[in-house]
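Single-structure report; data block below.
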Amino acid sequence: MRLSCVLLLNLALVGAGGRALALDATHSLRHTKTAHLVQPRRAVRHAVAKGATKTTATRVSVSTGKASRKAGSGAATIRRTRLGVRRHRYYERFTASSFANGDIFGDDVVTGEDPIVRQAAIDALAGMNGTAVVINPANGRILAMVNQKLALSPGAEPCSTIKLTVAMAALSEGLVTRDTMVQLPGFRMNMTQALAKSNNLYFEEMGRELGFERVRHYANQFGLGELAGYNIQGEQLGIYPDQPLSESEGGVGRMCSFGQGVAMTPLQLGAYVAALANGGTLYYLQHPNSPEEIAAFEPRVKRTLDIARFVPDLQDGMAGAVEYGTARSLRASFTELPVFGKTGTCSDKGTRFGWFASYSDSPVGSIVTVFFLEGGRPTFGPRAAELTGTFYRNLWDHNYFAEKAQTAARLTPVSTRATAGQQGAAQGANQ
């Protein structure tokens, strides 16, 4: 298993150490394992700021974890200490295609799906080989599941989306808050920054501090390693291992930074993100596919998670990912509503995975999306985020949110609307 380009982008944050150190925080978490953090094997270069006459290069020592700084005329560079070993480049070769071969939606069962949501997801994929699952987090109903064969497959490495479960575990255990500055080799950062920029070193450290047993406990509580759906034919289980990776493979730190050793399904990720969106109710996902099942639909609660007070801490980082972090490509096509999300990119045996899980916030409630792509070099997490932005744009252009608001208004009793109007007038008079 090898990391794709996103790991390099994450490690490039080490070069921003000077900026991270300038941030103030009430608490600082320090550790004694700095020397064992994984460092990059090749140089990562940052663009020189416009108008700058010189930049600063930072060298991180693997043996000490300390950084030395020197001025130079070139771009800032992060290098691993040579230790007398010749460095050479490695370029991963991808054999899978990022684009669909044939009709990947033809066998989908669509009887109980929202046709507007479904078409918006198909149009957003635009021929890429992937799946999109859209969920109503208020009841666990799947509004659309396009390319159901892939959505119901045994799952894939979750890449950096695993950070969402690790972050919530660290918050729940009181290990950190969103503002706690964690000391890493040559720089510090807090959870909001680490989620927004998808920093692997931060979450490796969280994994080591938590330990495998606590990490696994929370992952299982959040639905990994178990079926997410209720009687969804063809759904498969995924894998959450009973033992951590060996230390030679990176141990629990590697599991917590990009999910090595874990196989997660789009439905499992969608169910967990829906619980974040609704404040802690983990619903069984349901995909009614007959008139009888549609008529008999009732929400089914799997378990209630005690996470409501921590969701705002997590949400800050997910908002940061969309506004200035790894998912900012979403904003190229959609800016009308707040969106909170997390990207993931990794690869396995010549196939690259691109994940993006998110929920939006609108006046008529949230909607949860999981876009999962398989393929080659064009496939990665920021691309999945970009497609998600197109999906939200498609819904917006079809007045989906406006129509939901109108439907909700029609279904609201007249007496309730009158009371709400009177309260609004009273508030206006007091301003």
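Just one of 212, 203, 258 is open to solvent by less than 50 Å² (accessible area, probe 1.4 Å), over 23 Å from residue 360 (Cα atoms), more than 20 Å from the chain's Cα centre (by Cα) and not small (Gly, Ala, Ser); which is it? Result of the check over 212, 203, 258: 212.
In the condition set (1) of a type in the set (Asp, Glu); (2) under 14 Å from the mean Cα position of the chain (by Cα); (3) part of a loop (DSSP other than H, G, I, E, B), residue 336 is compliant with all but (2). Of the residues that make up the stretch 253-266, is at least one in a strand (DSSP E or B) and either touching a strand residue (DSSP E or B) at 6+ places or on another chain (Cβ under 6 Å) or under 13 Å from residue 358 (Cα atoms) (or both)? For the stretch 253-266, residues in a strand (DSSP E or B) and either touching a strand residue (DSSP E or B) at 6+ places or on another chain (Cβ under 6 Å) or under 13 Å from residue 358 (Cα atoms) (or both): present. On the stretch given as the stretch 89-122, residues that are hydrophobic (A, V, I, L, M, F, W, C), more than 25 Å from the chain's Cα centre (by Cα) and open to solvent by 70 Å² or more (accessible area, probe 1.4 Å) total 0.
For the stretch 199-235, a residue qualifies if it is closer than 27 Å to residue 324 by Cα and polar (S, T, N, Q), and the qualifying residues are 199, 200.
Selection within the stretch 115-136: residues that are part of a loop (DSSP other than H, G, I, E, B) and either touching a residue at least 60 places away in the same chain (Cβ under 8 Å) or touching a helix residue (DSSP H, G or I) at 6+ places or on another chain (Cβ under 9 Å) (or both). The member of this set that is farthest from residue 300 (Cα to Cα) is 126.
Selection of strands (runs of 3 or more DSSP E) fully inside the stretch 137-247 by the criterion of at least 1 residues being charged (D, E, K, R) and farther than 23 Å from residue 353 by Cβ returns 141-146, 187-189. Determine which member of the set 421, 428, 350, 344 is modelled with pLDDT under 95, open to solvent by less than 50 Å² (accessible area, probe 1.4 Å) and within 23 Å of residue 150 (Cβ to Cβ). The conditions single out 350. Applying the set (1) touching a Leu at 6+ places or on another chain (Cβ under 9 Å); (2) at pLDDT 95 or above to residue 312 leaves exactly one unmet item: (1). Yes or no: residue 177 polar (S, T, N, Q), over 17 Å from residue 326 (Cβ atoms) and surrounded by fewer than 24 Cβ atoms within 10 Å (Cβ to Cβ)? So residue 177 fits the description; yes. Going by the structure shown, is residue 186 of a type outside the set (S, T, N, Q), open to solvent by 20 Å² or more (accessible area, probe 1.4 Å) and free of Cβ contacts under 8 Å to residues at least 40 places away in the same chain? No; evaluated as a whole, the condition is false for this residue.
When the residues of the stretch 284-310 are filtered to those that are under 17 Å from residue 113 (Cβ atoms) and in contact with a Pro (Cβ under 9 Å, 6 or more places away or on another chain), the one that is surrounded by the most Cβ atoms within 10 Å (Cβ to Cβ) is 286.
Can residue 131 be described as closer than 25 Å to residue 319 by Cα and open to solvent by 30 Å² or more (accessible area, probe 1.4 Å)? No.
The values are calculated or read from the model by the stated rules, or taken from the named source; none is laboratory data. As the structure is a computational prediction, the values presented were derived from the model and not from experiment. Positions of Cβ are backbone-derived with ideal geometry, glycine not excepted, and every protein chain shown enters the neighbour counts. Surface areas here come from the heavy atoms of the whole protein model, side chains and all, with no ligands, DNA or RNA. Shrake-Rupley method; radii C 1.70, N 1.55, O 1.52, S 1.80 Å.
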